[in-house]
Amino acid sequence: MSLLLIVGAAPIQAAKYKTIKGGVKNGGTVSGRIIFEGTAPSPVELKVNKDNDACGTNRPSEELLVDKNGGIANAVVSIIGVKKGKKWNLPKKFKYDQKNCRFIPHVMLVRPSAGGKVMNSDAVGHNFHTVSKGIYNINKKIKPNASMKVKKKKIKKSGTIRVKCDLHTWMGGWWIVAKTPYTKLTDGTGNFSIGDIPPGTYQLKVWQEKLGEVEQALVIKSGETQEITVKMSL
């Protein structure tokens, strides 16, 4: 059984990571799939009990999305222990939306010190509320068809940020502030690929909001690609 993540866990400083001038030479790649072990539960139905003209009707939860072949979407795969390597491929500016009373995307990767915009594309107001351990905490109303700015360098630490709306309690999402560029989200079939990893011994960590975290040892060899499958369960 996987370990459950505690949202209040201490954030990790990201300042120590450095990029290699000229890029990583003869790095390795790890590709694979994150799958659910056993029979996945049916999605929980979320009760949409307010502002139905703007928000719509009841909908399935996005907290655990498993395809017909067991692939888990929106799992966060990280290579732990890389001190220096490739340049950041996450943008310095991000956009995060609230549309049909849903956070889009449900899980978003963010680089440290990034800034951006939180939009409200709905015809009703939202209360944008983040919960984290000293990473980025805000509780602010956003009017219909308006937006809120997130200033650069406000998000300085890596870790998890839970996102919610106190006015529409079924709404939920996550911001994952990456420690290094060696962090990826799985796609809708549970697949991922991380390249340009300097040769060495690391830990591969997988986080999923409902299933928690799992880790396993990872040895990267120069110029080689590893294919791995990671199983998670309730």
Practice task
Quick one: order T189, T180 by neighbouring beta-carbon count within 10 Å, fewest to most.
Solution key: T189, T180
Handout entry: Of K157/K210; K99/K143; K47/K68; K154/K184; K16/K84, those spanning more than 18 Å from alpha-carbon to alpha-carbon
Key = K157/K210; K47/K68; K154/K184
Problem - Cysteines in the chain that, by Cβ-Cβ distance, have no pairing candidate under 4.7 Å - result: C165
Completion exercise
Taking T29, T186 and counting other beta carbon atoms within 10 angstrom, the fewest-first order is T29, T186
Fill in the blank from the handout: Least to most buried among E209, E224, by other C-beta atoms within 10 Å and fewest first, runs E224, E209
Problem - segment 15-35 and segment 51-109: distance between their alpha carbon centers, rounded to Å - result: 22 Å
Fill in the blank from the handout: Filtered hits (aspartates and glutamates, Cα-Cα < 19 Å from K141, offset >= 8 within chain) -> D51, D97, D122, D166
Problem - Antiparallel content of DSSP bridges confined to segment 12-232, in %, to 5 - result: 70 percent
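Values in this text are rule-based calculations from the coordinates and carry no lab data. If you're wondering where the values come from, they're calculated on a predicted model, not measured in any experiment. Positions of Cβ are backbone-derived with ideal geometry, glycine not excepted, and every protein chain shown enters the neighbour counts.
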